[in-house]
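Comments concern the structure below.
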Amino acid sequence: MRFDHVFFITGNAYAGKSTMVKLLAEKYDGILCEENYHDRLLPDLDKTEFPCLTYTRDLEDWHDFIRRTPEEYKAWMDGVSHECEILELKILDALKNRDRPVFADTNISIETLKKTAPPEHVLVMLADPQISVRRFFERPDREKQFLYRLIMDEPDPGKAMENYRNGLMLINSQENYDRYFHAGFHVIIRDESRTILQTLEMAEKAFGLK
C-alpha cells in the first residue's frame, strides 16, 4: 500500500491531533478521518481476530475494565493500536481513488507510516507525557466521565484511581514520547501560549500546504 493522498497526524495524548485534522479537512475540503475512525467497523468484527477491539464491545461488567493492572492495561492498549492499524489501512486504501485529500488522526505505527506514506505527509504532535495523567478526567466527554464514575464506585476509590493513573503513565511514558520525537518526521510540540490558528499554520507548512 502507498498513501500519497493521505496526510497523517500521529503522536501522544493531548497534543491537539484531533483539532488539527478537523481544521485541515475543513480548510482544504478534505475527507476527515478523525480519532477512532475505525469504530464504524467495530460491530462486525470477529472477536477471535480482533480480541482487543472487541473487548470493550462485549464487556459485561465495566468495573473489570478499570480493575486491570497497569501492565494489563498497557498490553491491551498496544493490542488495540495494532488492530486499529489493520482497520485503518483497509479504510484508507478504499479512499485512495477519491479526488479529495484525506486527513487522518491515526493509530498507524511509525514503522508502517515510514513504508506507506511520503515523509512530508506525516506530522508528529506531542505534549508533555504527564499531561494525560494530570488532565485525563478534566475532559467533559462521556467516556472519561463514565470511567471516573466507575472509579468512584469502587470500594477504595483512591486506590482505584492510583491504579488507573499508573496505567496511563505506562502508556504515555517518556520512552513513548522519545520514540515519536526521534521518528524522523516533522514534530510540533504543544505550547499553551500558541493559538490554535498558529498551530494550524505550522501544520500546513509541515505538510507543504502553504
For each pair in K22/K47; K114/K144; K27/K144; K47/K144; K74/K205, compute the distance between the two Cα atoms and list the pairs where it is over 27 Å.
K22/K47; K114/K144; K27/K144; K74/K205
Subtracting the Cα-Cα distance from 0.36 nm times the residue separation, let me have the gained length for T48 to E201 in nm, one decimal.
50.7 nm
Run the simple label-point estimate for Q145 and T56 please: 7 Å along Cα→C-beta, distance reported in nm.
1.7
With -39,500 (n - 2.57) per DSSP H segment of 4 or more residues and division by the full residue count of the chain, the 222 nm estimate, nearest 500 deg cm²/dmol, is -15000 deg cm²/dmol
Descending principal axes extents, segment 71-116, alpha-carbon based, whole Å
44, 18, 14
Among W76, I131, F185, whose Cα lies farthest out toward the positive end of the dipole of the chain, if unit charges sit on the beta carbon of Lys, Arg (+1) and Asp, Glu (-1)?
F185
Which value, in debye to the nearest 20, gives the size of the charge dipole of the chain about its Cα centre, when Lys and Arg are +1 and Asp and Glu are -1 at the Cβ?
620
Starting at the first residue of segment 51-65, write each ³J(HN,Hα) from the Karplus equation 6.51 cos²θ - 1.76 cosθ + 1.60 with θ = phi - 60°, in whole Hz, x for Gly and Pro.
x, 6, 5, 7, 4, 6, 4, 9, 5, 8, 10, 5, 4, 4, 4
What number, in nm² with one decimal, is the all-direction average of the projected area of the convex hull of the alpha-carbon atoms of segment 7-135?
9.2
Using a Gaussian network model of the chain with C-alpha springs under 10 Å, which one of E143, E35, E120 is most mobile by mean-square fluctuation?
E143
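Here, each number is a calculation from the coordinates, and none is a lab measurement. Nothing here was measured: the structure is a model prediction, and the numbers come from that model. Because the Cβ atoms are built from the backbone with ideal geometry, glycine has one as well, and the counts that use them run over all protein chains shown.
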